[in-house]
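**Student:** Once you've had a glance at the structure underneath, I'll fire off some questions.
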Amino acid sequence: MALAPTGRRRPAGRRRGSLGSPKAAGACVDRRIRLLRFLFLVFLVLVGGKAVALASSSEHLATYAVRQQTTTVDLPAHRGSILDRNGDELAVGKPAQTVYATPYLLDDPKAAADELCDALQIHRKRVRREIEKRLSDREGGFAYVARKVEPDLARAALELGLPGVGTYAEEERTYPLKGTAAQVIGFAGTDNQGLAGVELMYDEELSGKPGSETVVQDPAGHALKTVAHKEPVSGENVRLTLDREIQYYAEDVLEKAVRSTGAKSATGIVMDPRTGEILVMANVTREGFHGFGKGDAEAEKNRAVTDVYEPGSIFKLVTISGALADGRVTPDTTFDLPPSIWVADREINESHPRGTVRYSVKEILQWSSNVGAVKIGMLMEKRGLSKWVEAFGFGKPTGIDFPGESGGIVLPVDEWSGSSIGNIPMGQGIAVTAIQMASAFSAVANDGVQVKPRLVAQVGTTVHDDVERHRVIPSKVARQVRAMLKVAVEKGTGTKARIPGYEVAGKTGTAEMALPGGAGYAKGIYVASFIGMAPADHPRLVVLAAVNGTAMYGGDAAAPAVQKIMRFALQHLEIAP
């Protein structure tokens, strides 16, 4: 009998490639091996990365540690010296030491400050407190204790053995002649940067280039070794045209002139008219010069180039030179001169009362006639006179190599008032600097050729011998004016400038001092001046002195000063008559 179906199916056969076959089992193993390799590589990358990170961190920490134990100090360059024309020192660097500290290495800043101040002989309480304050700044890695002290004092500070206290060499700027020529030389600050005068004008050349030094310190702040050193480059020397001997003598003469005349100040210039070299540029005041930054701005200024004044009768040589050059007059042209003359709304008088006279141009200059100068100026007319004012260089800087030069005050001719043609020919209504006046006078001394004035003869190895010159008046006119100026000294208003054995040519000037703010003039208070040249026929020197704020005239207040300075300079330079 047949059996009925149960509904169950026979199990199907296994598929190809199942684990049941040896080939499938091998493939599975391969996959597992590849996975393990991949995971192992990832592990190696992670471990390697960590190692690199740790190494990098160690390197960084090592660098940081070294950095924490090093200090870098600037090495200032040697600042070039300022010399006179003969190579004598006017400004020079003196070896000094600067004491510094690393505040965070000091256990007791107050005690350290007291010890250091005692060793450095610092007694002022304010300074001691300031040093204590600097050393108490625990965040600071560097603090000055004292700048530019004597090496012996710095050595005493080091011998205290305080941690983190060190020294380095610096220069202290010194001026061997003290206040002589101070306004020209100027001064350098604590960091040896030029702040005035030639020190400022030639600061870049004088400064050089600083260096640096990095040293490794032990935990106590003591230097172990130098790890970096950059040598500083010294600055260049600057040689001036000044002669220190004549400069010193001239300042002494002018100081005595200020005292004897009751003046406020005085200015002096000695110039070689052939080369433009300034041998003397002197500025003195009643109070005297006591150093820069002492509160006396007037004593610090080089007034010979910065300050303006009305020149007075000295300016008559410009008027007469221009009139001669234009052919308006000759030395022998005569004028009838009343005691006074009206020009527009102003009456112009002579400095000394007199009656009506007949003077030649020579006599107008000899006796310094105001009315005569006005008559010549009116003959030239305002545009003719203005042309010569400009030709002699007034109203613009001379270009001398010194900072802060003024160009003076000269109104454009179209802005002249009706009385300007009366004022300007005799040196009023116009403001000039002493260097402008010396430069103009030098053109007459140098046969009509004006030379740009200069104070610097050499910078480093570069000699400044390029002379800028141009003709202002014909040589014939220059000789005529010199002859007239010689008479003015021999028997005119400038007799107190005569020098035995030499022929001197010159001109006096007396101008009322202008009040501040254009408030008119100080009655009876003058700028008394004199300018001279010698030897008169072939001048080697031009000397100007302007005495400010005196009740005396130029022939009495300034001519004697010029005589003394000129005589000394002629002898010192061995200039024959």
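**Student:** Applying 1/(1 + (r/R0)^6) with R0 = 35 Å to the Cβ-Cβ distance of Glu159 and Asp296, what FRET efficiency is obtained, to the nearest 0.05?
**Tutor:** The formula returns an efficiency of 0.30 here.
**Student:** List residues of the range 498-540, by number, whose backbone nitrogen lies under 17 Å from a label position 7 Å along Cα→C-beta of Arg469.
**Tutor:** Zone members listed by number: 534-535, 537-540.
**Student:** OK, next. Just to be sure I understand the model, the point goes 7 Å from the Cα along the line to the Cβ. What's the resulting Ser417 to Lys382 distance in nm?
**Tutor:** 1.2
**Student:** With a cut-off of 8 Å between alpha carbons and a minimum separation of six or more residues, what is the relative contact order of the range 264-327 in percent?
**Tutor:** 25
**Student:** I would also like to ask the following. Suppose every K and R has +1 on its Cβ and every D and E has -1 on its Cβ; what is the size of the dipole of the chain about the Cα centre, in Debye to the nearest 20? Write out the running numbers ahead of the final one.
**Tutor:** Numbers: 70 positive and 66 negative charges, 827 e Å.
Dipole magnitude for the chain comes out near 3980 debye.
**Student:** Quick check: net charge around Gln563, other residues with Cβ under 15 Å of its Cβ, Lys/Arg +1 and Asp/Glu -1?
**Tutor:** Details: positive: Lys256, Lys486, Lys496, Arg498, Lys507, Lys564, Arg567; negative: Asp252, Glu490, Glu503, Asp556.
Around Gln563, the charge tally is +3.
**Student:** Turning to a different aspect of this structure: Restricting to bridges with both residues inside the chain, how much of the DSSP beta-bridge set is antiparallel, in percent to the nearest 5?
**Tutor:** Around 95 percent of the beta bridges assigned by DSSP in the chain are antiparallel ones.
**Student:** For the range 115-160 and the range 373-414, compute the distance between their C-alpha centroids and round to whole Å.
**Tutor:** So the two Cα centres are separated by 57 Å.
**Student:** Tell me the relative contact order for the range 496-577 as a rounded percent, counting alpha carbon contacts under 8 Å between residues six or more apart.
**Tutor:** Taking the mean separation of contacting Cα pairs over the length of the range 496-577, I get 31 percent.
**Student:** Arrange the following residues from fewest to most other Cβ atoms within 10 Å of their Cβ: Arg155, Arg328, Arg173.
**Tutor:** The fewest-first ordering by Cβ neighbours comes to Arg155, Arg328, Arg173.
**Student:** Same structure again: Among Asp414, Asp84, what is the fewest-to-most ranking by other Cβ atoms within 10 Å?
**Tutor:** Ascending number of Cβ neighbours within 10 Å: Asp414, Asp84.
**Student:** Could you please rank Met566, Met426, placing first whichever residue has the fewest other Cβ atoms within 10 Å of its Cβ?
**Tutor:** By the 10 Å Cβ count, ascending, the order reads Met566, Met426.
**Student:** Taking K and R as +1 and D and E as -1, what net charge do the other residues with C-beta under 13 Å from the C-beta of Ile131 add up to? Each step should come with its number before you reach the end.
**Tutor:** Values: positive: Lys110, Arg124, Lys125, Arg126, Arg128, Arg129, Lys133, Arg134, Arg147; negative: Asp114, Glu115, Asp118, Glu130, Glu132, Asp137.
Combined, the nearby Lys, Arg, Asp and Glu give +3.
**Student:** Counting Lys and Arg as +1 and Asp and Glu as -1, what is the net charge of the other residues whose Cβ lies under 11 Å from the Cβ of Arg173?
**Tutor:** It works out to a net charge of -2.
**Student:** May I ask which residue of Gln193, Ser136, Pro176 lies farthest towards the positive end of the charge dipole of the range 132-211, with charges of +1 (Lys, Arg) and -1 (Asp, Glu) on Cβ and the Cα centre as origin?
**Tutor:** So the residue we want is Ser136.
**Student:** Normalising by the residue count of the chain, find the relative contact order in percent from Cα pairs under 8 Å and 6+ residues apart.
**Tutor:** Computed over the chain, the figure is 13 percent.
**Student:** Out of all Cα-Cα pairs in the chain, roughly what percent, to the nearest whole number, are more than 48 Å apart?
**Tutor:** When every Cα pair of the chain is considered, 39 percent fall beyond 48 Å.
**Student:** Still on this structure, please answer the following. Lysine pairs, Cα distance under 27 Å, 8 or more residues apart or cross-chain: how many in the range 441-577?
**Tutor:** 17
**Student:** Let's see if you can work this out: charge +1 on each Lys and Arg Cβ, -1 on each Asp and Glu Cβ, no other charges. What is the dipole magnitude of the range 244-572 about its Cα centre, in debye to the nearest 20?
**Tutor:** Approximately 700 debye in magnitude.
Taken together, the values in this text are just the output of simple stated rules run on the coordinates, not laboratory data. Note that the structure is a prediction, hence the values are computed from the model and not measured. Heads up, the Cβs are rebuilt from the backbone with ideal geometry, glycines too, and the neighbour counts pull from every protein chain shown.
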